[in-house]
Amino acid sequence: MTLIGNKATVDDFRRDISVGRLSHAFIIEGAEGSGKTVLARTLASMLMCNADNIPCGACKGCITTLAGEHPDVKEIDVPEDKSFIPIDSIRELIKDAYVKPSEAGYTVFIIENAHKMTVPSQNALLQVFEEPPRNTVFFLLTPDRNLLLKTLLSRARVLRCEVLSEEAVKSALTERYPDKADSVERIMRLASGSLGEAVGLMENEALSEVIELVSRYFDEVSKGAGFYKLSTVLSPTKPVTREQLSDIISYFAIALRDIALLYAEEEPRLMFFTDRSVPDKIVTRRTLREIVSSFELCERLIQRTVSANVGTAIALLNSSLASDMK
Ligand SMILES: [Zn+2]
């Protein structure tokens with residue numbers, strides 16, 4: 001995946017390399033799916049690139065770095081069977097930091113979920129930051145810099161992963177999924193600036209099905225007088241699983257939130273509906289109180305779906321949505 005946005009960060013990094021004043025430790029801060037890994041790999045590729053104009057994106061150094069496969073760019077993350085980064089991983093990293101790079105002039109370490117390093121791990125890393133080996137660059141990726149030790153923070157430069165504009169997310173998605181124009185519009189709103197999340201939503205077929213189902217439900221409602229039972233759009237042959245139900249309720253809540261906003265604002269920023277005519281019609285047919293009460297039920301169900309019985313939750317949702325049916 002190529003880097004979108006963050007141009008100023010890339011330009012600063014290039015300038016620092018050219019004047020020989022590159023910092024050895026960076027914290028890349030940004031929400032889940034904001035592109036922290038892509039940014040870290042792009043910056044690392046500038047150190048692995050042999051072209052005059054770095055990063056060229058086409059040489060072996062660039063390509064292997066962007067794919068996460070360059071031998072001198074080591075990526076560390078929480079092991080699958082653990083919930084934190086163990087000290088052993090950091091000790092190994094420190095050992096590697098003092099070994100000369102095999103191909104490039106630099107060794108780069110990308111630590112994903114850096115806030116999941118234990119305190120002893122962070123302290124071990126701190127010692128390296130205090131006397132860094134030559135030509136070694138660390139990128140610590142985290143959603144929030146304040147989750148790291150202050151001492152570590154004070155020895156690194158913080159780069160904020162910029163939130164992309166809707167337009168930027170949209171054009172990246174359209175390029176990637178040229179035949180899914182309808183979904184692109186909706187997913188873009190739901191992901192609010194996070195390209196990673198948008199791609200995750202696009203590629204999750206089960207979730208796309210849920211979004212499609214909720215969208216069909218409200219389409220139907222907008223055409224008729226009242227709300228319908230949720231069961232009208234559920235397939236009678238395919239029982240709903242707990243996970244699907246939880247997704248369905250979440251998207252119902254987002255759609256109901258959109259509708260509720262239309263009572264109060266002329267041009268609210270809608271998250272679920274891409275076609276204003278659908279919620280506009282519902283507004284003329286339902287009272288704000290009815291919408292809010294269904295929304296509140298969704299919220300209660302979201303908190304309870306883990307324990308709630310799937311059948312009971314659907315029945316509750318049905319009776320709320322279809323109440324006062326004219
Ligand atoms: Zn290159």
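Here are some notes:
- Taking the criterion of being small (Gly, Ala, Ser) and either exposed (fewer than 13 other Cβ atoms within 10 Å of the Cβ) or in contact with a His (Cβ under 6 Å, 6 or more places away or on another chain) (or both), the residues of the stretch 257-281 that qualify are Ala264, Ser277.
- Checked against the criterion of being in the same structural domain as Val214 (by TED's automatic domain parsing) and at pLDDT 85 or above, the candidates Ala253, Ala313, Ala308 yield just one match: Ala253.
- Test: Pro133 is touching a helix residue (DSSP H, G or I) at 6+ places or on another chain (Cβ under 7 Å), in a loop (DSSP other than H, G, I, E, B) and either on the phi < 0 side of the Ramachandran plot or assigned by TED's automatic domain parsing to the domain that holds Ile90 (or both): yes
- The stretch 1-28, residues that are crowded, with 22+ Cβ neighbours inside 10 Å and either among the basic types (Lys, Arg) or modelled with pLDDT of 90 or more (or both): Phe13, Phe26, Ile27, Ile28
- Taking the stretch 40-58 as the range and being surrounded by fewer than 16 Cβ atoms within 10 Å (Cβ to Cβ) and more than 8 Å from the ligand (Cβ to nearest atom) as the test, the residues that pass are Asp52, Asn53.
- Residue check, Arg15 among the basic types (Lys, Arg) and in contact with a helix residue (DSSP H, G or I) (Cβ under 6 Å, 6 or more places away or on another chain): no
- When the stretch 69-85 is filtered for residues that are under 15 Å from Ser121 (Cβ atoms) and exposed (fewer than 15 other Cβ atoms within 10 Å of the Cβ), the ones remaining, listed by number, are Pro79, Lys82, Ser83, Phe84.
- When Thr37, Thr64 are checked against the criterion of being more than 14 Å from the ligand (Cβ to nearest atom), modelled with pLDDT of 90 or more and among the β-branched types (Val, Ile, Thr), a single residue qualifies: Thr37.
- Being basic (Lys, Arg), closer than 16 Å to Leu317 by Cα and surrounded by fewer than 19 Cβ atoms within 10 Å (Cβ to Cβ) is a property that Lys229 has.
- Criterion (touching a residue at least 12 places away in the same chain (Cβ under 8 Å), more than 16 Å from the ligand (Cβ to nearest atom) and out of contact with any strand residue (DSSP E or B) (no Cβ under 6 Å at 6 or more places or on another chain)) met by exactly one of Val99, Val119: Val119
- The residues of the stretch 270-305 that are without any contact (Cβ under 8 Å) to a residue 12 or more places away in the chain and touching a helix residue (DSSP H, G or I) at 6+ places or on another chain (Cβ under 8 Å) amount to a single one, Arg304.
The values are calculated or read from the model by the stated rules, or taken from the named source; none is laboratory data. This structure is a prediction, so every number in the text was calculated from the model and none was measured. Glycine also receives a Cβ, built like all others from the backbone with ideal geometry; neighbour counts cover every protein chain displayed.
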